[in-house]
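Peer 1: Pasting a structure here, questions to come.
Read-outs throughout are calculated quantities, based only on the coordinates presented, and are distinct from any laboratory measurement. These numbers were taken from a predicted model, which means no experiment stands behind them. Please note: Cβ atoms are built from the backbone with ideal geometry, for glycine as well, and neighbour counts cover all protein chains shown.
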Amino acid sequence: MSTEATLAHHLRAFGDGVDAILSDYTEESVLFTPDGVVRGLDQLRAFFDGFMKNSPSELFEALTFLRQDIEGEVAYIVWKAEPYIKMATDTFVVRDGKILVQTFAALS
């Protein structure tokens with residue numbers, strides 16, 4: 001699966017739940033956040049489960065993508081979900097249809 005297809009699946013997966021989100025990662029995947037590094041499927045499950053449970057449903061309805069760039073195995077997105085998130089950015093390194101490395105930061 002291409003980087004673009006993997007990113008598209010990842011973004012759609014938020015409507016399908018944590019198991020769908022996790023299908024884009026491996027046990028070796030790493031997510032860098034302002035709160036620290038998240039490693040492996042168990043920690044990723046806890047991170048995304050917390051994000052989904054602690055986000056108001058309106059956040060996903062307010063989601064707007066401002067930018068998406070893809071170069072080879074690297075994808076970069078900028079998005080917002082006002083009034084909940086003023087701006088957020090994610091960078092992904094994708095190989096063989098799986099997200100190996102992701103960074104995430106947001107301003108609320």
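Peer 1: Among residues other than residue 99 whose Cβ falls under 11 Å from its Cβ, what is the net charge (Lys/Arg +1, Asp/Glu -1)?
Peer 2: That sum, taken over residues with Cβ under 11 Å, equals -3.
Peer 1: Using 7 Å Cα-to-Cβ label points, what is the residue 84/residue 16 separation (nm, one decimal)?
Peer 2: Distance between the two pseudo-spin positions: 2.0 nm.
Peer 1: Same structure again: Going by Cα centres, region 72-108 and region 5-36 are how many Å apart?
Peer 2: 10
Peer 1: Just to confirm a number: summing +1 for Lys and Arg and -1 for Asp and Glu over residues other than residue 9 whose beta-carbon lies under 15 angstrom from that of residue 9, what do you get?
Peer 2: Details: positive: 12, 95, 98; negative: 4, 16, 19, 24, 90, 96.
Residues near residue 9 contribute -3 overall.
Peer 1: What is the sum of charges around residue 70, taking Lys and Arg as +1, Asp and Glu as -1, for the other residues whose C-beta is under 14 Å from the C-beta of residue 70?
Peer 2: Combined, the nearby Lys, Arg, Asp and Glu give -3.
Peer 1: In addition: Consider all pairwise Cα distances in the chain and report the whole-number % of them above 18 Å.
Peer 2: 46
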